[in-house]
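Okay, so here's the structure we're looking at.
The values are calculated or read from the model by the stated rules, or taken from the named source; none is laboratory data. From a predicted model like this one, the values you see are computed outputs, not experimental measurements. Note that we place each Cβ from the backbone using ideal geometry, even for glycine, and neighbour counts take in every protein chain shown. Each accessible area value is taken on the protein alone, full model and side chains, heavy atoms only, with ligands, DNA and RNA left out. Shrake-Rupley method; radii C 1.70, N 1.55, O 1.52, S 1.80 Å.
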Amino acid sequence: MNIPSNRKFLPHVGMRTFKTALAVVIGLFLSNILGLHTPLFVAIAAMTTMQPSVHETHKAVRLRMFTCVMGVVLGYVLALITDNIYIRPFIAGIGIVIIILTLLKFKMNRFINLTNIIFVASFSSDQSQLIYGVNRLIGTFLGIFVSLLINYFIARPTPKKSFENLLEHTYEDIFRLSEEIILADEKPQLD
């Protein structure tokens, strides 16, 4: 059986993929060392804040911190209203409306679902909402911290270099097409 030599068996693993996986590994390791009850939050924060550039990571960090704090605090505060199992679902609905309206106002539409998940998890936690909230915040901040460190120290992307490479390739393409147009006896295929 002949297998063409140009065929790849494994897909290319890009730097962002590698850094995201590394952030999750380190985050889970640290959450085990620190004895956090919810290592999942560390992993989620590490994955959602790892971005292609340091600038985009900073933006994601600010948004992620805001949505986590909002969901946890609102879940905690609204859970204090009553323990009545027939009224609590209505209070949860009010919390969802508050989150959606707030995030729409701040044009943070893409974080609505995540904030709602954090809120419902905090609001409906079987353990104390305060303990749950503190664990959730610590886990999220740990994941964010790990993700930031990795993005700073491992192959920091440089937008200027990427732009220069794009310009160079574009120049080469334009030069090649111009040469084909000038030297061709017939119209070149530009598609």
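Couple of notes before you dig in:
- Scanning segment 133-155 for residues that are over 13 Å from Met50 (Cβ atoms) and touching a residue at least 12 places away in the same chain (Cβ under 8 Å) turns up Gly133, Asn135, Arg136, Leu137, Ile138, Gly139, Thr140, Phe141, Leu142.
- Only residues that are open to solvent by 60 Å² or more (accessible area, probe 1.4 Å) and assigned to a helix (DSSP H, G or I) were counted in segment 27-39, giving 5.
- Options Ile81, Ile94: the member that is within 28 Å of Lys107 (Cβ to Cβ) and either aliphatic (A, V, I, L, M) or at pLDDT 95 or above (or both): Ile94
- Annotation note: of Ile91, Ile85, the sole residue that is β-branched (Val, Ile, Thr) and assigned to a helix (DSSP H, G or I) is Ile91.
- Number of the condition not met by Ile81 [criteria: (1) among the β-branched types (Val, Ile, Thr); (2) under 22 Å from the mean Cα position of the chain (by Cα); (3) open to solvent by 80 Å² or more (accessible area, probe 1.4 Å)]: (2)
Listed here are the residues, each with its yes/no results for (1) at pLDDT 95 or above; (2) open to solvent by 20 Å² or more (accessible area, probe 1.4 Å).
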{"residue": "Ile99", "(1), (2)": "yes, no"}
{"residue": "Phe106", "(1), (2)": "no, yes"}
{"residue": "Ser122", "(1), (2)": "no, no"}
{"residue": "Leu130", "(1), (2)": "no, yes"}
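- The residue pairs whose first member lies in segment 81-105 and is without any contact (Cβ under 8 Å) to a residue 12 or more places away in the chain, whose second member is of a type in the set (Lys, Arg), and whose beta carbons are closer than 9 Å, counting only pairs six or more residues apart or on different chains, are Ile81/Arg88; Thr82/Arg88.
- Just one of the listed residues (Ser53, Ser5) is surrounded by 15 or more Cβ atoms within 10 Å (Cβ to Cβ) and at pLDDT below 80, namely Ser53.
- Residue within segment 162-181 that is in contact (Cβ under 8 Å) with a residue 12 or more places away in the chain and within 30 Å of Val42 (Cβ to Cβ) present: no
- Filter pass, Met47 being in contact (Cβ under 8 Å) with a residue 24 or more places away in the chain and in contact with a Ser or Thr (Cβ under 8 Å, 6 or more places away or on another chain): yes
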